[in-house]
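Working notes, beginning with the structure itself.
The values are calculated or read from the model by the stated rules, or taken from the named source; none is laboratory data. Every value quoted in this text rests on a predicted model; they were computed, and no experiment measured them. Positions of Cβ are backbone-derived with ideal geometry, glycine not excepted, and every protein chain shown enters the neighbour counts. Just the protein is used for accessible areas: all its heavy atoms, side chains included, with ligands, DNA and RNA removed. Shrake-Rupley method; radii C 1.70, N 1.55, O 1.52, S 1.80 Å.
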Protein chains: 4
Amino acid sequence: MPGNSIGRVFTITTFGESHGRVVGCVIDGCPPGIILNEEDLSEDLDRRKPGQSNISTQRNEEDVPEIISGVFQGKTTGQPITIIIKNRDSDSSSYEAIKEIFRPGHADYTYFKKYGIRDYRGGGRSSGRETAARVAAGAVAKKILKDIKITAYTKQIGKIKAEKTDYEEIENNNVRCPDRDAAEKMQEYVEKLKKDGDSAGGIIECVIQNAPAGLGEPVFDKLDADISKAVMSIGATKAIEFGKGFEAAELKGSVNNDEMYIEDEKVRFKSNNAGGILGGISTGQDIVFRVAVKPTPSIKKEQLTITKEKKEVAVNIEGRHDPCICPRIVPVIEAMAAVVLADHLLKQKAQCS
Amino acid sequence: MPGNSIGRVFTITTFGESHGRVVGCVIDGCPPGIILNEEDLSEDLDRRKPGQSNISTQRNEEDVPEIISGVFQGKTTGQPITIIIKNRDSDSSSYEAIKEIFRPGHADYTYFKKYGIRDYRGGGRSSGRETAARVAAGAVAKKILKDIKITAYTKQIGKIKAEKTDYEEIENNNVRCPDRDAAEKMQEYVEKLKKDGDSAGGIIECVIQNAPAGLGEPVFDKLDADISKAVMSIGATKAIEFGKGFEAAELKGSVNNDEMYIEDEKVRFKSNNAGGILGGISTGQDIVFRVAVKPTPSIKKEQLTITKEKKEVAVNIEGRHDPCICPRIVPVIEAMAAVVLADHLLKQKAQCS
Amino acid sequence: MPGNSIGRVFTITTFGESHGRVVGCVIDGCPPGIILNEEDLSEDLDRRKPGQSNISTQRNEEDVPEIISGVFQGKTTGQPITIIIKNRDSDSSSYEAIKEIFRPGHADYTYFKKYGIRDYRGGGRSSGRETAARVAAGAVAKKILKDIKITAYTKQIGKIKAEKTDYEEIENNNVRCPDRDAAEKMQEYVEKLKKDGDSAGGIIECVIQNAPAGLGEPVFDKLDADISKAVMSIGATKAIEFGKGFEAAELKGSVNNDEMYIEDEKVRFKSNNAGGILGGISTGQDIVFRVAVKPTPSIKKEQLTITKEKKEVAVNIEGRHDPCICPRIVPVIEAMAAVVLADHLLKQKAQCS
Amino acid sequence: MPGNSIGRVFTITTFGESHGRVVGCVIDGCPPGIILNEEDLSEDLDRRKPGQSNISTQRNEEDVPEIISGVFQGKTTGQPITIIIKNRDSDSSSYEAIKEIFRPGHADYTYFKKYGIRDYRGGGRSSGRETAARVAAGAVAKKILKDIKITAYTKQIGKIKAEKTDYEEIENNNVRCPDRDAAEKMQEYVEKLKKDGDSAGGIIECVIQNAPAGLGEPVFDKLDADISKAVMSIGATKAIEFGKGFEAAELKGSVNNDEMYIEDEKVRFKSNNAGGILGGISTGQDIVFRVAVKPTPSIKKEQLTITKEKKEVAVNIEGRHDPCICPRIVPVIEAMAAVVLADHLLKQKAQCS
């Protein structure tokens, strides 16, 4: 069954494998007349690419997007926009060793059970490399969002939490943390794990500013439901919460409810425990959600696992792997949020007379 | 834009308002030849219905499902199955008082911003009453699942956590908690809040047993992504996590990875930190997820809010409301999980030759 | 697999069987704030209902639509609109005789092969009765179309063709033909066949006036492609053509092309051989298509056929059947055209900034 | 709004413009394990390519398909299959002359009205070149169809009709007509028109053999409805009819019904007036439909038209154009039929237990 498309009005379809010829996407439903070129895509792709620091994989790879359809004379035409990113530095030889092995924590076993195929080259389609296509699509989505601003950052790595949220700081450190002191500790922690051949997980927070009230399509295509699906479809994500999230479970209604008042004739809320969404529809406040990212499953430490032939075997995963994918997943989460927001913005237009 | 359908092969569409004539659903894509009658739906509907105990709303309402299409001589025909549940005890008069008011924590304001309409009668479509239709659809989905067993229960209310998981206990107490001692404390806690005119949130855990490996459609319609959407589309849910969930953020890869081994020629995992899903596809282990439920927003305590005319006003929400919806949301979460699983089971069939 | 929904932004789902409790539909995606009540639906339903004249079936049945969701205080709310029409005069006893028999020209055999079920009561879901739900949905769609006017009529029955197109005449005769003289001959012809226990086919023409240029979504959801699907999904339709249609095959390009010119600063076409659609997008001219309707398969004349047990048998179909369904299919074709146009009108809005 | 995907289980999305870098498609939902390589695609692409004879355009272009995702070690993986065909001989200079002009009979005007964009280079996305992507996708679909055989051919050009149907003859003449004598007359007729700077239309017939009974998803996704949409989405098609089609309008029920009998314990029909589909579901007989193809709108004869600036102007379309596209549309119609059949075959599997 097809599962590689998301979005109903602004629809993206991704394709391509980690060690195939390309990864890419088709964007269908993008309005015509929007200025778009390859440079628009590169900024976010550069934030996702490997080799940005010593705590991300050293696969030295420039992600060069090529727009091969849907743009004419520098503008979108309303036709499907196809973007491809060629795979360059994709040496599959290091994967020969694990050809017959299902790596723990990876999708090797489940893909084999589902499709009867073992594309051992770098995880094939389940690789993080597929997210380059998402980031490219997200960059196009952002063009539609105009004033709506999406900012994600590393909130926590291991047990180290950001205590401050200084947006200016985010791109100044290797872990994309908005708190410089925490960032330093996070970096040290990850480097230590890397030396041990181990890896770290973390939490990403994402804030969407300036989204108008009224986005979301109850009762199933609610804005938070659609963001949840989009974000939980990214590899390595294990949880999502909006506003107070799990903490809301411990609160009383009198504390959790966001009271409303009027200021300068505008509707205001005394708090934002809801995370900007009520009944699946945006309130006009900031939309705030957090995502749990599991530690990278590829580790050099020895682990027990099995082969295709159901033999037990010990494995150490060699090769270049991020000891923590938090910094690189940040632009992917932003991209998926952008795709969902663009989709809902256009949906809401269809309703207006 | 339409947003009231979910599922691609097993598709449900819900309709109806809290204080309208009916709530109901159309199920399209149910295979023919399945034995189905109204009693099959009643068991779960009774677990969701109001008035089950002194900590759920006293709206005294028998939910009587009527199958008005798609079944002939006691069996599904492959045609759309329509189920309606008439609204009986729907006295809208208590809502007259809040006709012009946006209740804090409710979807009143956002529905008004989106649709320009204020259906003040019991929350209209955003009411929990809509979930009766989901539960009916879920009961049909369960017929397709056969051996796959879905069990949800209250894991936590306020700060009180279940320490044991005794499935036999779940339906023996008013809060649907699998730990009798915790259940008693939860019940006391909720009753106390009820007396104060306040309300409680909680956490529901759901376990899916016997799901085969191979369900899920990467890269967007992953099994966890689809469950996340389905569950987060239920009103009052604010977070979802699979397996270790947010805790995985604090773990090292060497701890979080589930090692694999062979026992009796079968594939086994040493742990289930992944919650039964890897790369968006089921592993064959139990699928485990937890959901945060916010405290009921309808409280008798005075809160500040605004009117349609942008006037500030203090409001006490009168009427019959659950001081904690955890016990009643349990069958709704099971239903949404069942709908997603049925959809993916049928999807997987389409692939096989 | 689900197949009972059509439309992407304005989506209708029909349900119900000929001799079940109801036929009905859910309309999802209808914009809020539109005035709508049951009388709005009755006009077209009355044009479709049986028993209108001696050449339509004498099943004496008032089709009374009930809107059971999605309308509040006389206006649509943006929520799913559910309409049910109860089946009253549905005596299944006359179908007992054909319980084991596959009627020639009917879907009895194919439904049995597909679903393994024989709902013998009046054709079950393949009955023309299902179209009552389409007509109700079409009446809602027409509310969105505003100035766009859809008019269908009987162009031909047997070999008798309308030579004139007088819109005023259409509803003045029993066959809904816009040419009074032809109408009389058609009526005579059908009555004669009825006496013989036989039936007649015909051609319906449909004209859509005032559709703006720009509707249609290449390359697959073209306006003519979507109309074709919608119309060809009506039982008994066997062909559709736009503009010159099959005749275009015989023309030269220099004759078939519609030349353009300017009149009063407006774009004009010298002809409308294209039927108002070029490249799958409306030109702003009248959209014109014709549909072939096969003769009613239920005839009293003896025919050879087989039983479920693969026995050969001769059958005479007794009961009340239209000797020609042309007059009653006219509002159904209008309804499907209206549903497609409403869908595309709303789609086009989603694109505009 | 997106409109570039078709099929629900076997889904194809096409992209690319006539004079852009590529045309191509993504196929999502193809089962894994199917042997597939570029040569599998070339046979049909060669039948569609320009320059096959003196009555097709002389654009000298080898269509070389490249599979850039979804195939590993010569087999499909269950992941999206992306195929691109680079545009080579795409000299846009001849289009400079018509940059400001809307060509009669083309989609120039409607695309401009819809998108506000004038991609004058060879018709952009509305060009017949887009159908190369459809043919590639159809070749993949055919792999799923196995024994189901789809054969299309030119039944009529201008007023010259094939009187015989000799499948062996089809690929032996330039017009793909199964009647050698008619083929010669057709060729002469088209050559004469070409000399005059004019063009011819025609009728294509398509026969699908060995399709099992039971394909089609009532009440909207009926097999004939879906084929109609797929075929009518091809540029230049203006009509479609199944079985007797428009002729059925003139028949009596007693003549049109296909009587059933038993032969060698198998279900047989005395005729196939229905064209192999009853109630939207295949009967197991041959599925037969015919398609009207309009004469090529690009003609050298002078025509009146208008410019973007609403000025009237006379235009002669220079360049290389097929005087009759019938021979080249044959594989496109086969491809669309194959895509629909593959989709419905996989759909039917999802239902079976």
Check: Here are some residues: A:LEU193, A:LEU223, A:LEU215. Which one is out of contact with any Gly (no Cβ under 9 Å at 6 or more places or on another chain) and open to solvent by less than 10 Å² (accessible area, probe 1.4 Å)?
Finding: A:LEU215
Item checked: Close pairs (8 angstrom Cβ cut-off, 6 or more residues apart or separate chains): without any contact (Cβ under 8 Å) to a residue 12 or more places away in the chain and of a type in the set (A, V, I, L, M, F, W, C) in the range C:328-353, open to solvent by 10 Å² or more (accessible area, probe 1.4 Å) and assigned to a helix (DSSP H, G or I) anywhere -> C:CYS352/A:LYS349
Notebook entry, point to check: Scanning for something surrounded by fewer than 23 Cβ atoms within 10 Å (Cβ to Cβ), farther than 20 Å from D:GLU205 by Cβ and among the charged types (D, E, K, R), does the range D:179-187 turn up at least one residue?
Noted result: no
Note to self: Among the residues that make up the range B:57-73, is at least one of them surrounded by fewer than 24 Cβ atoms within 10 Å (Cβ to Cβ), over 24 Å from C:ILE68 (Cα atoms), more than 14 Å from chain C (Cβ to nearest Cβ) and of a type outside the set (D, E, K, R)?
What the structure shows: yes
Item checked: Residues that are under 15 Å from A:GLU39 (Cα atoms) and touching a residue at least 24 places away in the same chain (Cβ under 8 Å), drawn from the range A:67-80 -> A:ILE67, A:VAL71, A:GLY74, A:LYS75, A:THR76
Checklist line | Qualifying position, being open to solvent by less than 30 Å² (accessible area, probe 1.4 Å), touching a Pro at 6+ places or on another chain (Cβ under 8 Å) and outside any loop (DSSP other than H, G, I, E, B), among C:ALA342, C:ALA248, C:ALA338 | finding: C:ALA248
Next item on the list: Tally the residues that are on the phi < 0 side of the Ramachandran plot and in contact (Cβ under 8 Å) with a residue 60 or more places away in the chain, restricting the search to the range A:269-301.
Entry: 20
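Condition check ((1) within 21 Å of the chain's Cα centre (by Cα); (2) more than 30 Å from A:GLY116 (Cα to Cα)) across all residues:
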residue	(1), (2)
D:GLY74	no, no
D:SER94	no, yes
D:THR110	no, yes
D:ILE117	no, yes
D:ARG125	yes, yes
D:GLY128	yes, yes
D:ALA133	yes, no
D:GLY138	yes, no
D:LYS142	yes, no
Check: Given the residues B:GLU43, B:GLU100, which is the only one that is modelled with pLDDT under 95 and within 14 Å of chain A (Cβ to nearest Cβ)?
Finding: B:GLU100
Margin query: Please list, ordered by residue number, the helices (runs of 4 or more DSSP H) wholly in the range B:121-236 having 3 or more residues that are under 24 Å from D:ARG8 (Cα atoms), more than 14 Å from chain A (Cβ to nearest Cβ) and at pLDDT 95 or above.
Written below: B:131-145
Next item on the list: Please go through the range A:74-105 and pick out each residue that is assigned to a loop (DSSP other than H, G, I, E, B) and open to solvent by 40 Å² or more (accessible area, probe 1.4 Å).
Entry: A:ARG88, A:ASP89, A:ASP91, A:LYS99, A:GLU100
Next item on the list: Just give me the residues in the range B:110-119 being in contact with a strand residue (DSSP E or B) (Cβ under 8 Å, 6 or more places away or on another chain), open to solvent by 20 Å² or more (accessible area, probe 1.4 Å) and without any contact (Cβ under 8 Å) to a residue 24 or more places away in the chain, in sequence order.
Entry: B:TYR111, B:LYS113, B:ILE117
Next item on the list: Restricting attention to the range C:281-331, report how many residues are within 14 Å of C:THR154 (Cα to Cα) and touching an Asp or Glu at 6+ places or on another chain (Cβ under 9 Å).
Entry: 8
Next item on the list: State the number of residues belonging to the range C:251-286 that are open to solvent by 10 Å² or more (accessible area, probe 1.4 Å), at the interface with chain D (Cβ under 7 Å from one of its Cβ atoms) and of a type in the set (Ser, Thr, Tyr).
Entry: 2
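Examine the range C:313-326 for a residue that is of a type in the set (D, E, K, R), assigned to a helix (DSSP H, G or I) and more than 10 Å from chain D (Cβ to nearest Cβ), and state whether such a residue exists. Break it down stepwise before answering.
Here is the first cut: in the range C:313-326, the residues of a type in the set (D, E, K, R) are C:318, C:320, C:322.
Checking the rest, the ones that are also assigned to a helix (DSSP H, G or I) come to none.
Checked the range C:313-326: no residue is of a type in the set (D, E, K, R), assigned to a helix (DSSP H, G or I) and more than 10 Å from chain D (Cβ to nearest Cβ).
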Margin query: Can you find, within the range B:1-39, the residue that is most open to solvent (accessible area, probe 1.4 Å) among those that are at pLDDT below 95 and more than 7 Å from every other protein chain (Cβ to nearest Cβ)?
Written below: B:HIS19
Check: Which condition breaks for A:LYS266 when tested against (1) under 17 Å from B:LYS114 (Cβ atoms); (2) without any contact (Cβ under 8 Å) to a residue 12 or more places away in the chain?
Finding: (1)
Margin query: Only one of A:ARG320, A:ARG328 is within 11 Å of the chain's Cα centre (by Cα), open to solvent by 10 Å² or more (accessible area, probe 1.4 Å) and not acidic (Asp, Glu). Can you tell me which?
Written below: A:ARG328
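In this structure, does B:GLY122 turn out to be surrounded by 21 or more Cβ atoms within 10 Å (Cβ to Cβ) and at positive phi?
On the way: surrounded by 21 or more Cβ atoms within 10 Å (Cβ to Cβ): yes; at positive phi: yes.
Yes; evaluated as a whole, the condition is true for this residue.
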Notebook entry, point to check: Residue check, D:ILE299 against (1) open to solvent by less than 10 Å² (accessible area, probe 1.4 Å); (2) farther than 19 Å from C:GLU259 by Cβ; (3) facing chain C (nearest Cβ under 10 Å), all met but one. Which one?
Noted result: (2)
Check: Across the range D:287-296, what is the total count of residues that are open to solvent by 10 Å² or more (accessible area, probe 1.4 Å) and within 7 Å of another protein chain (Cβ to nearest Cβ)?
Finding: 2
Note to self: Can you tell me how many residues within the range B:302-312 are more than 20 Å from B:SER92 (Cβ to Cβ) and either without any contact (Cβ under 8 Å) to a residue 12 or more places away in the chain or open to solvent by 40 Å² or more (accessible area, probe 1.4 Å) (or both)?
What the structure shows: 6
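Starting from residues that are out of contact with any Leu (no Cβ under 9 Å at 6 or more places or on another chain) and crowded, with 16+ Cβ neighbours inside 10 Å, keep the ones in the range D:196-212 and report whichever is farthest from C:PHE112 (Cα to Cα).
Taking the range D:196-212 as the starting set, the residues that turn out to be out of contact with any Leu (no Cβ under 9 Å at 6 or more places or on another chain) are D:196-198, D:202-207, D:209.
Next cut, crowded, with 16+ Cβ neighbours inside 10 Å only: D:197-198, D:202-207.
Values: D:GLY197: 54, D:ASP198: 51, D:GLY202: 38, D:ILE203: 34, D:ILE204: 32, D:GLU205: 29, D:CYS206: 26, D:VAL207: 24 Å.
Among residues in the range D:196-212 that are out of contact with any Leu (no Cβ under 9 Å at 6 or more places or on another chain) and crowded, with 16+ Cβ neighbours inside 10 Å, the one farthest from C:PHE112 (Cα to Cα) is D:GLY197.
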